[in-house]
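*Asks:* Take this structure first; my questions come after.
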Amino acid sequence: MILVTGASGTVGRLVLDRLPADLDVRALTRNPSRITTTRPRTDIAQGDYADQASLERALRGVRGALLVTNRVTSDDDARFLAAARAAGVQHIVKLSAAAVQDPDANDVITSWQRTNEELLRASGIAWTLLRPRAFMSNTLSWASSIRSEGVVRALYGTAANVCVDPRDIADVAVEALTGSGHHGQAYTLTGPEAVSAVQQTGVLARVLGIPLRFEELSPDDAVTAWSLRYPEALAKALLHSAERQRAGAKREMDPTVSVVTGRPARSYATWAADHAGSFAALGGTEWAPESEPVRSPATGTA
């Protein structure tokens, strides 16, 4: 039995649909109505990291698990790992963030992720760490302004990030959960090239077949907007992340997606073409934290 936590989230739902159909899988979620998978041999478990009894039920008979947590500064990882040890789980694939490797990334989000990685490594359970850069799907947050104004607004528009397609993260996660040779590995996951918000705007204009204008946000405007949605510490973390990106900390491509999956990582142009309908259908999206507990539409935190 494989357990997928965060099963209705950006990566979790993709992992759920990609796991081989002959495997028994359990999907853990706070809201079972959001699970839309049609795969066979799938058990839907309602639960929460803060609910010990629900964790124990979800982990019963599980040999491997995908661990996704997103409540920054919470002890969700510690709770899950304690329950997993008690249940005899043999292997955990943890969704973390690439920023943990950057000594200059000392914000509250990255520090929390580092602590969670340390907890897993010290747990006595075999582990694999997935460390993605920002998700390409973060740009879905531009859908509303694209549709209503033909505008993309972001901070530091020429700062580039080797953002990654969530499908590539999911493919690596499935390999780690079902294949061999992944125990004790930490995988940095990126796209094939660094792209900026300005470049992404150009890609979207071509894919959607409409003229788009890019407008640069000032740091003050960005922090003000983030502060309406997030606590102050998270808004500051997003600004710190954006400043690291502007300094070039997120430009380096890593070949791991290709090495693990046997095929090239998907480009932003490919992702955009495959999701063009979402920009027409959505009025904007709230962040759906997976690899990074908060992902800014402008930059991401990893």
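*Asks:* Just checking, how many residues over the stretch 259-277 are over 18 Å from the mean Cα position of the chain (by Cα) and among the small types (Gly, Ala, Ser)?
*Replies:* Looking only at that region, the number is 5.
*Asks:* Sticking with this one: Residues that are over 20 Å from the mean Cα position of the chain (by Cα) and farther than 21 Å from HIS182 by Cβ, at least 2 per element: which strands (runs of 3 or more DSSP E) completely within the stretch 6-80 meet that? Walk me through how you get there before you give the answer.
*Replies:* Numbers: elements: 25-29, 42-46, 64-67.
So the answer is 42-46.
*Asks:* Moving on to the next point. For the condition more than 15 Å from ALA143 (Cα to Cα) and at pLDDT below 95, what is the one hit in ARG266, ARG229? Let's see the steps before the verdict.
*Replies:* Values: ARG266 fails: at pLDDT below 95.
Step by step, each of ARG266, ARG229 is checked, and only ARG229 is more than 15 Å from ALA143 (Cα to Cα) and at pLDDT below 95.
*Asks:* Here's a follow-up. Return only the number of the condition from (1) touching a residue at least 40 places away in the same chain (Cβ under 8 Å); (2) under 26 Å from ALA276 (Cα atoms) that LEU238 does not satisfy.
*Replies:* (2)
*Asks:* Filter the stretch 162-180 for residues that are closer than 15 Å to GLN90 by Cβ and not polar (S, T, N, Q); which is surrounded by the fewest Cβ atoms within 10 Å (Cβ to Cβ)? Step through it out loud before you land on a result.
*Replies:* First, the residues of the stretch 162-180 that are closer than 15 Å to GLN90 by Cβ: 176-180.
From what's left, not polar (S, T, N, Q): 176-177, 179.
Working: ALA176: 26, LEU177: 25, GLY179: 9.
Checked the stretch 162-180; the qualifying residue surrounded by the fewest Cβ atoms within 10 Å (Cβ to Cβ) is GLY179.
*Asks:* Is there a residue in the stretch 53-60 that is closer than 23 Å to GLU175 by Cα and charged (D, E, K, R)?
*Replies:* First, pick out the residues of the stretch 53-60 that are closer than 23 Å to GLU175 by Cα: 58-60.
With charged (D, E, K, R) added as a condition, the list becomes 60.
Yes, the stretch 53-60 contains a residue that is closer than 23 Å to GLU175 by Cα and charged (D, E, K, R).
*Asks:* Scan the stretch 17-33 and report the pairs whose first residue is assigned by TED's automatic domain parsing to the domain that holds LEU66 and farther than 21 Å from GLU56 by Cα and whose second residue is of a type in the set (Ser, Thr, Tyr) and not in a helix (DSSP H, G or I), with Cβ atoms within less than 6 Å and a gap of 6+ or a chain change.
*Replies:* Correct list of pairs: ASP17/THR37.
*Asks:* Quick check on SER145: is it surrounded by fewer than 20 Cβ atoms within 10 Å (Cβ to Cβ) and either charged (D, E, K, R) or assigned to a helix (DSSP H, G or I) (or both)? Talk me through it step by step, then tell me what you get.
*Replies:* Values: surrounded by fewer than 20 Cβ atoms within 10 Å (Cβ to Cβ): yes; either charged (D, E, K, R) or assigned to a helix (DSSP H, G or I) (or both): yes.
Yes; evaluated as a whole, the condition is true for this residue.
*Asks:* Tell me which residues, restricted to the stretch 127-173, are polar (S, T, N, Q) and touching a residue at least 40 places away in the same chain (Cβ under 8 Å).
*Replies:* Passing the criteria: THR128, SER137, ASN138, THR139, SER141, SER144, SER145, THR158, ASN161.
*Asks:* Inside the stretch 90-111, can you point out the residues that are in contact with a Lys or Arg (Cβ under 9 Å, 6 or more places away or on another chain) and under 23 Å from LEU239 (Cβ atoms)?
*Replies:* Of everything in the stretch 90-111, those that are in contact with a Lys or Arg (Cβ under 9 Å, 6 or more places away or on another chain) and under 23 Å from LEU239 (Cβ atoms) turn out to be SER96, ALA97, ALA98, ALA99, VAL100, GLN101, ASP102, ASP104, ALA105, ASP107, VAL108.
The values are calculated or read from the model by the stated rules, or taken from the named source; none is laboratory data. These numbers were taken from a predicted model, which means no experiment stands behind them. Virtual Cβ from ideal backbone geometry, glycine too; neighbours counted across all protein chains shown.
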